[in-house]
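Heads up, the thing below is written out as C-alpha cells.
Each value in this text was obtained by applying a stated rule to the coordinates, not by laboratory testing. None of the values given here were measured: they were computed from a predicted structure. Counting neighbours? That spans all protein chains shown, and the Cβs are built from the backbone with ideal geometry, glycine included.
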Amino acid sequence: MKNPIIISTFIFSFLVVISCQAEPDKEKLPVDFEVVTIAENLNNPWGMTWLPDGRMLVTERSGEISVIENDKFSGKKLNGVPEVYDKNQGGLLDIQLHPDYENNGWIYFSFSKPGDGGGSTAIMRAKLNGDNLTDKELIYESFPKTKSGVHFGSRIDFKDGYVFFSIGERGEMDNAQSVGNPYGKVHRLHENGDVPEDNPFVKIPDAEKSIWSYGHRNPQGMEFHPETGELWSHEHGPKGGDEINIVKKGKNYGWPEISYGIDYDGSIITDETKKEGMMQPIHYWDPSIAPCGMTFVTSDRYPAWKNNILLGSLKFQYLCRVVLDGEGNYVEEEKLLEGIGRVRHVAESPDGYIYVAVEGPGKIVKLMPKK
C-alpha cells in the first residue's frame, strides 16, 4: 500500500494548483461589451472630439459638424464651417481640441479646401461661441491644388507645442518621394502655423519646410503612444501593403520605391520591399484592410485592451484590435464588430469610453463594457 501521507500531500498540492489556476488574470479576460448606437443618419462621419462640458463634435465629410449631447443626437449642427471641396474622398475631415483648450479655446480641423485648380488639404483653427465657429485662422494649406479626389489624409495630433498632421500623395505616387511638395507627408508646425526652425528640411532649398517625414501613401490614422510618446500612424497601401509605422523626424517611409502591395490592376509597382535608408513598417496587411482612424486604449474600462491599437477597416467593415508587446512589436490582432459597416474612425472619450464612427450607414456607436 502506498504511503497515505504522500497520497494526501499529492492531492493537496494538486488542489492548490487548481485553486491558483482558477483565479484568472482580470486584465487578460476578454472584454465583454454592448454596442450602443448614439447617432444615426449621418453623412459619412470622419472625425470625433469632446468639449470639456461633455458634448461631442463629429465632422461629416459633406461639410458639417454635428453636436451630440449626453450620447444623444438632436440634429444640431455648428454654424460657420468653411466651404469644402466635396469630391470623392475630399471634404471635412479630422477634428481635435488643442490640449490646452480650456484656456485658449482653439479647435483644429482638417478639410479639403476648394480653389483655382481643384482642392487641397488645409488645417484651420477656430473658437466656439455658442453654436458658431468664430476667430477662424487658416494655419496651413497645401499647394499646388489638384482636381484629384483621392488621398487627402488627414489626421491631427499635438505634442510639446506642435501640431502634427498627415497628407496623402493625392493619387500621384511620385509626390511622396519629393520633399519639394507637401503630398505623401507628415507635417509639423507650431500651433499658430509657423514653421519650427528645427524641422528636418528647413535648410534645404525649395523643400516644403513643414515636412516631418515623407514617403507616405495616404495616412488616415495617427496618434502618439501614451507611454513612449512616439508618433504612430497607419496608411493605405495599394492592393495589399497597408502599413503601421512609427513616424520619426526626417525619415523616408518608402512609397512608392518600396511596398508590400501591387497596383489595383495587378501590375507591379515595385519589386522592392526593403531599401537602404527607407523605414520598414511595424506591421503590414496583405490583403489590404483599408485602415482608417486609430486610437491607443488608455482607459481602465477595457483592461484587456490597455495600450492596444484600435483602428477601422473600411474594406472588410470591422474594428481591428492590434496587440503590441512591451517593445512596441506587433503580436496579433482581433476582429471586432464584424459587418458593422465601413469603420472610418475610433476614439476614446475623456471619460474612457470607446466610440466608433461608421459610414454607409453613417452612425456613431459606443462600446459599453458589461459588468
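Of LEU57, ILE38, ASN103, which is farthest along the charge dipole of the chain in the positive direction, counting Lys and Arg as +1 and Asp and Glu as -1 at C-beta? Value: ILE38. Less than 5 angstrom separates the built amide H of GLY184 from those of ILE167, GLY168, GLU169, ARG170, all sequence-distant by 5 or more or on a different chain. Residue ranges 247-253, 291-297 sort as 291-297, 247-253 when ordered by packing (mean number of other C-beta atoms within 10 Å per residue, highest first).
A simple spin-label model places pseudo-atoms 7 Å from Cα toward Cβ; at ASP286 and GLU69 they are separated by 5.2 nm. Full extension of the chain between LYS203 and ASP32 yields a length gain of 56.3 nm, computed as 0.36 nm times the residue separation minus the alpha carbon distance. Subtracting the Cα-Cα distance of MET368 and LYS248 from their residue separation scaled by 0.36 nm leaves 39.7 nm. What separates the Cα centres of segment 222-301 and segment 129-156 is a distance of 24 Å.
Backbone N atoms of segment 184-223 closer than 11 Å to the 7 Å Cα→Cβ label point of GLU137 belong to residues 190-194.
Cross-linked pairs LYS113/LYS335; LYS249/LYS274; LYS306/LYS371; LYS87/LYS136; LYS335/LYS371; LYS72/LYS248: Cα-Cα separations exceed 29 Å for LYS113/LYS335; LYS72/LYS248.
Put simply, when 232-241, 353-362, 73-82 are sorted by average Cβ atoms within 10 angstrom per residue, most first, you get 232-241, 353-362, 73-82. Here the Karplus relation 6.51 cos²θ - 1.76 cosθ + 1.60, evaluated at θ = phi - 60°, turns the backbone of segment 298-305 into coupling constants of 10, 6, 6, 6, 10, x, 6, 9 Hz, with x for every Gly and Pro. Using alpha carbons only, how many degrees (0 to 90, rounded to 10) separate the axis of helix 4-21 from the longest principal axis of the chain? Result, in degrees: 20.
Three semi-axes describe the equivalent ellipsoid of the chain; taken as square roots of 5 times the Cα gyration tensor eigenvalues and ordered largest first, they are 39, 27, 19 Å. Per-residue ellipticity at 222 nm, computed for the chain from helices alone with -39500 (n - 2.57) per DSSP H run of at least four residues, works out to -2000 deg cm²/dmol.
Full extension of the chain between LYS239 and TYR162 gives 24.3 nm of extra length, using 0.36 nm per residue less the Cα-Cα distance.
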